[in-house]
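The values are calculated or read from the model by the stated rules, or taken from the named source; none is laboratory data. Model, not experiment: these values are computed from the prediction. Cβ atoms come from the backbone with ideal geometry, glycine included; neighbour counts cover every protein chain shown. Just so you know, the surface numbers come from the protein's heavy atoms only, side chains and all, with ligands and any DNA or RNA stripped out. Shrake-Rupley method; radii C 1.70, N 1.55, O 1.52, S 1.80 Å.
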Amino acid sequence: MAVIRKHRGHFLEDFVPGDLYRHKGGKTVTEGLFAIFTDFSMTTNPLSKNARYARAYGFDGLVVPPGLVMLVVFSQSVEDVSENARANLEYIDMRFGVPVYLGDTLEAETRVLGVKGSSSNPMLGVVHVQTTGRNQRGEVVLTFQRKVQVWKRDKDAALHDGEAAPERIETTLGLPPYDRSRRYGELAHLTNADSYLEDFTAGDVIEHSRGRVVTTDHIMLTGILDNTSQVHCNQWMVSQDPERFVGGQLIVFGGIPFNLCLGISSADVGDNSLGDIRYATGRHTAPIFAGDTVFASTEIRGVGEFPGRPDLGVLAATLRGHKFVKKGDAVEKIEIFYLEREIAVKRRSHYTG
Amino acid sequence: MAVIRKHRGHFLEDFVPGDLYRHKGGKTVTEGLFAIFTDFSMTTNPLSKNARYARAYGFDGLVVPPGLVMLVVFSQSVEDVSENARANLEYIDMRFGVPVYLGDTLEAETRVLGVKGSSSNPMLGVVHVQTTGRNQRGEVVLTFQRKVQVWKRDKDAALHDGEAAPERIETTLGLPPYDRSRRYGELAHLTNADSYLEDFTAGDVIEHSRGRVVTTDHIMLTGILDNTSQVHCNQWMVSQDPERFVGGQLIVFGGIPFNLCLGISSADVGDNSLGDIRYATGRHTAPIFAGDTVFASTEIRGVGEFPGRPDLGVLAATLRGHKFVKKGDAVEKIEIFYLEREIAVKRRSHYTG
Amino acid sequence: MAVIRKHRGHFLEDFVPGDLYRHKGGKTVTEGLFAIFTDFSMTTNPLSKNARYARAYGFDGLVVPPGLVMLVVFSQSVEDVSENARANLEYIDMRFGVPVYLGDTLEAETRVLGVKGSSSNPMLGVVHVQTTGRNQRGEVVLTFQRKVQVWKRDKDAALHDGEAAPERIETTLGLPPYDRSRRYGELAHLTNADSYLEDFTAGDVIEHSRGRVVTTDHIMLTGILDNTSQVHCNQWMVSQDPERFVGGQLIVFGGIPFNLCLGISSADVGDNSLGDIRYATGRHTAPIFAGDTVFASTEIRGVGEFPGRPDLGVLAATLRGHKFVKKGDAVEKIEIFYLEREIAVKRRSHYTG
């Protein structure tokens, strides 16, 4: 008889540049998953709320919003890539492909692009990976790179230090063609009147007025995503080792504030969007915990053409999340999230009247 | 560069009697939304639990229960009508129309019927509105009036005091015809045997035996409904101004106890109903908070004919919600909800045996 | 005018050996219920995650996992059998039948097999029942016996002490035939490589490495299942009588840790399973409360043939749940759940390469 304790997930010394992990599980987007996350996140874009609107625009039905596509694909990579991570450092070049609909099954794989040991801590290092999610027809729905700080299993193990070239993954944001006969103007009351492309000016900063507290529901939400990382749900483990685990508190999975910030910003910058194109870079700049209230702001960096689509433009913006913390009598504003986004936004000239 | 802070929602001085707001968003009733709310609310009516039963009765499938229809339509009106409200004062003449099924998309609009400034507080006044929800075919699913106490943005702004006549919105409760060949008796074990029309006597008061605590889940539930009111979810905001916000606590959205009270009462008065017809008046008589346990009672006010449907009758009842609060050694019973309902209830003579 | 307080559920003196209860309600498995429970429970078996995988194996679509089938059928029996129970003592001979799919409607009935008063407490006794769940075509999906400790309503009431023979309920685990042309090997990366039948040795004990804290979400989860037992959700009631109700705390419904333990174990023993066949016996050996972190282990008791299916074997295992409690400086490990399982597990020889 043997007592077996399988540790799931890779440690720093297991990663080899060039290796490919085909992730386990896969996930079908049910109406349950959709409702919980789309609605929880406070998204206001009717493409993800109102099937009549989505169909009138030429989509096949309710569109899974970019934040949920990201969560479903990302979470599949957690066991292989970051179950034994200390921190998620950066999202890089996250690009969206074909639309995801209810009933689609998403599967994901990750290529190791780089491994680098820490010079200051012999138990840590950084892994650089490229993760791609595809639907049941093999079409790319999302691809991104990320850098993660991962623990070693064995301090003395040799590392596969080095780099590999990223795969060239083509993505084209899947958008139905513009078709004047669809009479978009009859649906214009369903979105905000002040969030068309013409409404944005580079340099403006929009302080989104709503905030939302995160409760212990984050634990269930993270579980529903199949995210297996223990720092989000194993209270006993973190209570036993408060020095290692931020004072013995469960950290909220970054995907939760990522989605909340997208949602909080959507009434002001996202509800006349037809899709998020690309996130050039993103990072969680501070952890959040149950009880924190999340706020967000958007800085408009640029307003450009969308090649081949005179009805649309590209809004380049920086989305920031923040929370407030009391320090004695003072209140400190702490940035918790940073994301550079490019969004395909409708022109008022083509979609109203 | 400008820093922009858009305030969503109207203030008292924005409302003009006769104006119509076509609300943003709209909402498709997914199986996720349905499961979370129908089941959460403790409804026992098999029309909303058991598709085999619902189809056998001639419905197209699971029927979205009246409480959820109300929540979906009401929540769409929050941004325009009550995001800047102090209190929801009264529901008036709430009437249900065609059945709502999974996959239906509900959209809503609200007409302003009256505006009246407060004589005692120059920052407050009452707005009277009429909200109507329709499905993707334009059929009315719900219409109701409500009165809301709304804040002014600017103390010195002039008000559009006055009144406008309500629109005449016809509703006919959508019910499949009675058809003896359906052999209803074979399904009779799926509902309570003591909640047919013949079981009710005017004057009786039924103290429903079950109670249910409300947890911080109310925050997620409210978010899933797209209810954007900040007093239900922005903990930081209410903590900063406890005098304005009931001691710094998040108030539970009234739709939660509204639904819970309907659900708690359903085993005793609602599970042999084919539909709620009308709520003549309703109000939240005290706020509830996370940690409160909700109880309910029903007073039977009358038992009448249902014109043209000898198989049914109309049960007129008053549904009350309450909670208990400890004051020192004493326990105080506080009424939290009051609703006058008319329900279409099956006669035992036609549905059993 | 009368004040009526209907008590739902049976008391000890109401049970008569041989009586059959056809339970109220029934329940259609929506995508919402499925997402909440399947994903919450941390199940890793792709049959319940990935519709592409499930269809490739010959199932009609996503398969409702055994733990959720059990919860849906069990919960329907609560009002009649255990709403007035003190404790659920034992599950016996729980057997699974045809697969359950999204959209199926499950209804349940329970036969009373035995009634026995307590020799030490005149207000208590044990009821032995047999519950069977069927789908909308009348096919058995689950049958099991259980023993429950039930309160008497009236201390002096006579009991129907005695026994009745169980019904003979045939179950055949519904499995698609093995078909080499399905190219199972192309899907092998979606499950763990070390959980095929060949990987198990009788006597091994697998300590599953993940744990999960239970939050107050248990209250909503239990409500969503239509479980009406008040000890899980009526905080006021239990606070008023802490001596009767474990110190005034809400007990977590046993179905929650039952499902969590199945889910926590699935990465190591369940994700190459095609179905749970039978639970010979099971019991909740200690209560759990919000804040407890649930862990699990599996003892392999035997590895056998599956008659007529050379591609499969039967894994006999004991699943145990536990939690840790601090007692001063010491930590006590408390067993909370015990289940003897037989699972149909794939052979690596037939499903890879």
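When only Cα pairs below 8 angstrom with a gap of at least 6 residues are kept, segment A:232-353 shows a relative contact order of 27 percent.
Working note: Karplus 6.51/-1.76/1.60 with θ = phi - 60° gives segment A:103-109 the couplings x, 5, 10, 9, 10, 9, 9 Hz, where Gly and Pro are set to x. Measuring nothing but how far apart in sequence close Cα pairs (under 8 Å, 6+ apart) lie, relative to its length, chain C scores a relative contact order of 20 percent.
Anyone know which of B:Phe324, B:Phe74, B:Phe144 comes out most mobile in the 10 Å Cα GNM of chain B? Per the Cα network of chain B with a 10 Å cutoff, B:Phe324 tops the list.
Averaging Cα coordinates gives a centre for segment A:202-224 and one for segment B:115-166; these two points are 30 Å apart.
Placing a label point 7 Å from the Cα of A:Asp204 along the Cα-to-Cβ direction, the distances to the matching points in the other copies come to 6.2, 6.2 nm, shortest first. Eigenvalues of the alpha-carbon gyration tensor of chain C, scaled by 5 and square-rooted, set the equivalent ellipsoid semi-axes at 35, 23, 19 angstrom, largest first. Dividing the helix sum by the residues of chain B, where each DSSP H run of 4 or more adds -39500 (n - 2.57), gives a mean residue ellipticity at 222 nm of -3500 deg cm²/dmol.
Which one, B:Ile251, B:Ile92, B:Ile277, has the greatest fluctuation when you compute a Gaussian network model over chain B with C-alpha springs under 10 angstrom? It is B:Ile251. Accessible area per residue was computed with a 1.4 Å probe on protein heavy atoms; A:Trp151 scores about 50 Å². The accessible surface of segment B:1-49, taken with every protein chain in place and a 1.4 Å probe, is 53 percent carbon and sulfur.
Taking amide H as placed 1.01 Å from N in the peptide plane, the amide H of C:Gly254 sits under 5 Å from none that are at least 5 places away or on another chain.
Quick note on the protein assembly as shown: its Rg to Rh ratio, both from C-alpha atoms and Rh being the Kirkwood radius, is 0.95.
Electrostatic bookkeeping for A:Ala56 treats Lys and Arg as +1 and Asp and Glu as -1; over the other residues with beta carbon under 11 Å from its beta carbon, the sum is +2. Please state the Cα pair-distance histogram of segment C:27-68 with 5 angstrom bins from zero: what percent is in each bin? That works out to 6, 25, 34, 24, 11, 1, in percent per bin. For segment C:86-192, the set of GluC sites (Glu not before Pro) satisfying both a DSSP loop assignment and a count of at most 11 other C-beta atoms within 10 Å is given as C:Glu170. Looking at chain A, the accessible area is 35 square angstrom per residue; that uses a 1.4 Å probe and ignores ligands, DNA and RNA.
A Förster distance of 35 Å, applied to the separation of the beta-carbon atoms of C:Val331 and B:Ala286, puts the FRET efficiency at 0.20. Considering all C-alpha pairs of segment C:157-301, those separated by over 22 Å amount to 60%.
The interface between chain C and chain A buries about 3700 Å² of solvent-accessible area in total (1.4 Å probe, ligands and nucleic acids excluded).
Between this copy and the others, label points of C:Gly308 are 5.5, 5.5 nm apart in ascending order, each placed 7 angstrom from Cα in the Cβ direction. Shown here for segment B:38-137: trypsin sites (Lys or Arg not before Pro) in loop regions (DSSP other than H, G, I, E, B) with at most 11 other Cβ atoms within 10 Å, namely B:Arg137. Counted over all Cα-Cα pairs of segment B:1-154, pairs farther apart than 18 Å make up 61 percent.
Per-residue shielding of A:346-352, expressed as the average number of other chain Cβ atoms within 10 Å of the residue Cβ, stands at 0. Taken about its Cα centre, chain C carries a charge dipole of about 300 debye when Lys and Arg each add +1 at the Cβ and Asp and Glu each add -1 at the Cβ. For segment C:140-157, backbone phi angles converted through the Karplus equation (6.51, -1.76, 1.60; θ = phi - 60°) give residue-by-residue couplings of 5, 9, 6, 9, 7, 9, 8, 10, 10, 8, 10, 6, 7, 7, 10, 4, 8, 5 Hz, Gly and Pro being listed as x. Straight-line cross-link partners of A:Lys6 among the lysines, defined as a Cα under 21 Å from its Cα and at least 8 positions apart when in the same chain: A:Lys24, A:Lys152, A:Lys155, C:Lys323, C:Lys333, C:Lys346.
Using a probe of 1.4 Å, the accessible surface attributed to A:Asp154 totals some 70 Å² when neighbouring protein chains are kept in position.
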